[in-house]
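Have a look at the structure below before the remarks.
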Amino acid sequence: MGGVPIDLECKAPLEGLFAAGKDTSGVHGANCLGGNGVVESTVYGGLAGNVMAASCHDVALGPFPKM
């Protein structure tokens, strides 16, 4: 099985891209029992969210197009 390669902080090789759970092929690979993916997504999704929140302080936003 394939997936997005990530480091220990759920960062993908493309700057600004994070991935967790089944998008990374998971820690279980092809032999994932039902329900295990929920725990995996919760743990790694939380980790990815924390790292994203900590890294977004240096990101400049705008200007935004007028609607």
Q | Count of residues meeting criterion [touching a Lys or Arg at 6+ places or on another chain (Cβ under 9 Å) and assigned to a loop (DSSP other than H, G, I, E, B)] in segment 24-38 | A | 1
Q. Does ASP7 qualify as being acidic (Asp, Glu) and either surrounded by 15 or more Cβ atoms within 10 Å (Cβ to Cβ) or in contact (Cβ under 8 Å) with a residue 60 or more places away in the chain (or both)?
A. no
Q: Name the single residue, out of those in segment 40-67 being assigned to a helix (DSSP H, G or I) and among the β-branched types (Val, Ile, Thr), that is farthest from GLY21 (Cα to Cα).
A: VAL51
Q: Could you please find all residues in segment 1-23 being part of a helix (DSSP H, G or I) and more than 15 Å from MET52 (Cβ to Cβ)?
A: LYS22
**Q.** Where a residue in segment 51-67 is touching a residue at least 40 places away in the same chain (Cβ under 8 Å) and its partner, wherever it lies, is of a type in the set (D, E, K, R), with Cβ under 9 Å and at least six apart
**A.** VAL51/GLU9; VAL51/LYS11
Q. Here are some residues: GLY21, GLY34, GLY2, GLY26. Which one is in contact (Cβ under 8 Å) with a residue 12 or more places away in the chain, surrounded by fewer than 10 Cβ atoms within 10 Å (Cβ to Cβ) and of a type outside the set (S, T, N, Q)?
A. GLY2
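Values in this text are rule-based calculations from the coordinates and carry no lab data. Because the structure is a prediction, the values reported are computed rather than measured. All Cβ positions, glycine included, derive from the backbone under ideal geometry; neighbour counts span all protein chains shown.
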